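Below is one structure; the comments refer to it alone.
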Amino acid sequence: MRAAQSFGVDDIRFVADAPDPEPLETDAVVKTEMASLCGSDLHMVGKGWQMPEYPTPPGHPGHEGVGVVVEPPMRYPEGEGIDELAPGDLVLTVPHIWYAKCFAEYQAVDAAHLLKLPAGPPVEHVLMTQQLGTVIFATQRLPESLEGLTCAVLGQGSAGLFWDYVLKRRGASRVISIEPVDSRRALSARYGADETVDVTGDAARDAVYDLTDGKGADIVIEAVGSTPTLSNAFHLVADEGTCVLFGLPDSNDLQPFDYTEMFKKRANAYSILGAQEEPGLKTFRRALSWIVEGEIDMAPIVTHLMPIEEVAEAFELSESRGDGVVKVALTF
């Protein structure tokens with residue numbers, strides 16, 4: 001089969017004759033139609049974060065995929081809300097990132113991590129169910145209503161844009177987007193941002209404090225996944241506010257941050273992992289319904305479609321943030 005495979009840090013290549021997957025009893029074999037690049041993929045491929053020994057398994061670490069069922073599972077795993085599958089069904093594949101292989105032409109995926117998709121919507125739109133679902137999942141530790149609160153979102157890639165939308169939908173009075181790339185910052189208003197900040201670091205801190213009369217943001221979302229923005233989040237947050245550390249670490253090294261700032265402000269912070277393990281994939285189903293019913297516009301998100309043969313170029317484009325890129329998807 002055709003696949004992408006990593007042979008070292010920042011060395012991902014197209015392989016024309018990778019071995020087909022060997023499914024377990026509870027796995028379905030899925031022929032991939034499209035798989036999108038996530039920020040975590042950039043860290044894993046480009047920085048070697050949490051990667052196994054090289055070369056990696058074909059298709060790893062892709063975890064945002066849509067494909068067609070070729071072989072249903074021989075046996076369904078125990079658990080609630082697992083879709084019954086048949087050959088030809090279009091499905092979202094949401095494997096856990098440690099075992100994900102969506103950058104391959106064929107995947108063997110446990111049936112508990114497959115969500116049947118409706119026919120009709122563009123594939124690149126329903127593909128975004130995965131990332132939107134993780135954002136919705138991450139909000140479950142926030143107050144049910146965000147009325148009266150100011151939120152700041154660091155980074156306006158697809159995840160940051162989805163955060164703008166979900167925070168505003170939850171009732172946030174103000175959403176401030178922080179993004180130096182003009183094309184991405186311009187999109188944030190379409191997804192709910194009330195004000196935008198075009199600088200980073202200390203300048204972003206000063207801008208947020210100016211916008212909030214010196215208070216800072218009640219909730220800060222770190223949606224970049226970098227050491228500087230991790231620390232910056234605690235400089236933007238108000239006293240006793242909350243920082244959601246949504247972005248993944250950008251290396252295997254220890255991540256320094258300004259603990260003094262966090263300590264003085266008595267700030268709360270949490271990270272997110274595990275939407276794929278939610279019984280019945282409930283949050284992903286909610287995200288899918290928003291997309292299918294047109295409650296959120298996915299047209300501007302997947303900006304570039306590239307064939308699997310150009311996987312190295314796709315990663316380079318995503319890293320560059322040039323050419324108006326928001327999200328790159330690989331096609332098969």
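Readers should treat all values here as calculations from the given coordinates under stated rules, not as data from a laboratory. All figures in this text were calculated on a predicted structure; none of them were measured in a lab. Please note: Cβ atoms are built from the backbone with ideal geometry, for glycine as well, and neighbour counts cover all protein chains shown.
Here GLU295 and LYS31 are evaluated by their C-beta separation; at R0 = 51 Å the FRET efficiency comes out at 0.95.
Residue order for LEU161, LEU273, fewest other beta carbons within 10 angstrom first, comes to LEU273, LEU161. Going from the residue with the fewest nearby Cβ atoms within 10 Å to the one with the most, ARG205, ARG321 rank ARG321, ARG205. Normalised by the residues of the chain, what does the relative contact order come to in percent, with Cα pairs under 8 Å and at least six apart? In percent, rounded to a whole number, it is 19. Ranked for footprinting exposure by Cβ neighbours inside 10 Å, fewest first, SER36, SER6, SER320 give SER320, SER6, SER36.
Relative to the longest principal axis of the Cα atoms of the chain, the long axis of helix 158-169 lies at roughly 60 degrees. Over 24 Å apart at the Cα level, from the set LYS47/LYS327; LYS47/LYS116; LYS116/LYS282; LYS168/LYS327; LYS47/LYS264, are LYS47/LYS116; LYS47/LYS264. A straight chain from GLU53 to PHE7 at 0.36 nm per residue would run longer than the Cα-Cα distance by 15.7 nm. Taking the helices alone, the chain has a mean residue ellipticity at 222 nm of -8000 deg cm²/dmol, built from -39,500 (n - 2.57) per DSSP H run of at least 4 residues and averaged over all its residues. Sum up the charges of everything whose Cβ sits under 14 Å from the Cβ of ASP20, counting Lys and Arg as +1 and Asp and Glu as -1, but leave ASP20 out. Result for the neighbourhood of ASP20: -2. Based on C-alpha pairs under 8 angstrom that are at least 6 apart in sequence, the stretch 253-332 has a relative contact order of 24 percent.
How much net charge surrounds ALA108 when only the other residues with a Cβ under 14 Å from the Cβ of ALA108 are counted, with Lys and Arg +1 and Asp and Glu -1? So the environment of ALA108 carries a net charge of -4. Along its three principal directions, the equivalent ellipsoid of the stretch 135-271 from the Cα gyration tensor extends over semi-axes of 19, 17, 15 Å, largest first. For the stretch 135-271, the Cβ-based charge dipole about the Cα centre amounts to some 420 debye (Lys, Arg positive; Asp, Glu negative; other atoms uncharged).
Legend: calculated FRET efficiency, LYS215 to GLU316, from the Cβ-Cβ distance at R0 = 41 Å, rounded to 0.05, equals 0.50.
Centroid-to-centroid, using Cα positions, the stretch 117-178 and the stretch 211-242 are 17 Å apart.
Modelled label positions at TRP98 and GLU80, each set 7 Å beyond Cα in the direction of Cβ, lie 2.5 nm from each other. Relative to the Cα centre, the charge distribution of the chain, modelled as +1 at Lys and Arg Cβ and -1 at Asp and Glu Cβ, gives a dipole magnitude of about 680 debye. Compared with the dominant Cα axis of the chain, that is its longest principal axis, helix 201-211 is turned about 60°.
The label-point distance for SER251 and ARG286, in a model that sets each label 7 Å from Cα toward Cβ, rounds to 3.7 nm. Here's the picture: a label point sits 7 Å out from the Cα of ARG169 along the beta-carbon direction, and within the stretch 90-117 nothing has its amide nitrogen under 14 Å of it.
Taking every alpha-carbon pair under 8 Å whose residues sit at least 6 apart, the stretch 1-70 reaches a relative contact order of 43 percent.
Using the Cβ-Cβ distance between ASP202 and ASP17 with R0 = 51 Å, the FRET efficiency computed as 1/(1 + (r/R0)^6) comes to roughly 0.50. Just one of (i) 1.20; (ii) 1.05; (iii) 0.98 is Cα Rg over 2.2 N^0.38 Å as worked out from the coordinates here. Which one is it? Working out Cα Rg over 2.2 N^0.38 Å from the coordinates points to (iii). Where does helix 129-138 land angle-wise versus the long Cα axis of the chain, in degrees 0 to 90, nearest 10? Long axis of 129-138 versus the principal axis of the chain: about 40 degrees.
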